[in-house]
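Student: One structure follows; several queries about it will come next.
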Amino acid sequence: MSVLREELLNDPLGWGYAGMSDNAAAARLNDPTLRNVPRDIIQTWEILDATAPADFAGLTADQKQTYLTIISAGTISIASQNIRTALAAMFGAGSATRANLIVLQTRKGSRAEEIGLERVRTGHVTAARG
């Protein structure tokens, strides 16, 4: 409840919670299209889909073996420093694949989710403001 109270009082994104009804504030916090939230686990087919053929062709034999090992896992933690380091070493800055992989690190989500809350209900807003 303290996280919700802080969000409503401080309004760090300038959304104007003070002028919203409890119902409107809850709806705004739950809107799943307004924020980008970090992803942890992704399907490895997403990496395959994000890989530009020309970038893959430019990999060394050892890099191709590492790449194939990663995508054979089924799922991976995109937040893993080891995975990120390996992929960054394979696909340099400015490559299409690097740009595509950066996009995979986040997904659309709600502000509530971003600040660690479950679905916010109107009653939660009422209580947090009280």
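Student: Between Val125, Gln63, Ala88, whose Cα lies farthest towards the positive end of the dipole of region 56-128 when Lys and Arg beta carbons carry +1 and Asp and Glu beta carbons carry -1, centred on the Cα centre?
Tutor: Val125
Student: So how do Phe56, Phe91 rank on accessible area, 1.4 Å probe, biggest first, that is with the largest at the start?
Tutor: From most exposed to least exposed: Phe56, Phe91.
Student: Would you work out the charge dipole size for region 55-123 about its Cα centre, treating the Cβ of every Lys and Arg as +1 and the Cβ of every Asp and Glu as -1, and quote it to the nearest 20 debye?
Tutor: Dipole magnitude for region 55-123 comes out near 260 debye.
Student: In what order, largest first, do Trp15, Trp45 sit by accessible area if the probe radius is 1.4 Å?
Tutor: Sorted descending by solvent-accessible area, the residues read Trp45, Trp15.
Student: What is the calculated FRET efficiency for Met1 to Ile41, with r their C-beta to C-beta distance and R₀ = 41 Å, to the nearest 0.05?
Tutor: E between Met1 and Ile41, to the nearest 0.05, is 0.90.
Student: With every protein chain left in place, what is the accessible area per residue of region 1-119 in square angstrom, probe 1.4 Å?
Tutor: Details: 6870 Å² over 119 residues.
Averaged over the residues of region 1-119, the accessible area is 58 Å².
Student: Accessible surface of Glu6 in the full protein assembly, 1.4 angstrom probe, to the nearest 10 Å²?
Tutor: Number for this one is 100 Å².
Student: Using the Cα centre of the chain as the reference point, and only Cβ charges (+1 on K/R, -1 on D/E), how large is the resulting charge dipole? Debye, rounded to the nearest 20. List each step's numbers first, then the result.
Tutor: Details: 13 positive and 13 negative charges, 24 e Å.
Value, rounded to 20: 120 debye.
Student: Whenever you get a sec, compute what percent of the accessible area on the chain sits on carbon and sulfur atoms (1.4 Å probe).
Tutor: C and S atoms contribute 54 percent here.
The values are calculated or read from the model by the stated rules, or taken from the named source; none is laboratory data. Because the structure is a prediction, the values reported are computed rather than measured. Methodologically, a virtual Cβ is constructed for each residue, glycine included, from the backbone with ideal geometry; neighbour enumeration extends over all protein chains shown. With ligands, DNA and RNA removed, areas are computed over all heavy atoms of the protein, side chains included. Shrake-Rupley method; radii C 1.70, N 1.55, O 1.52, S 1.80 Å.
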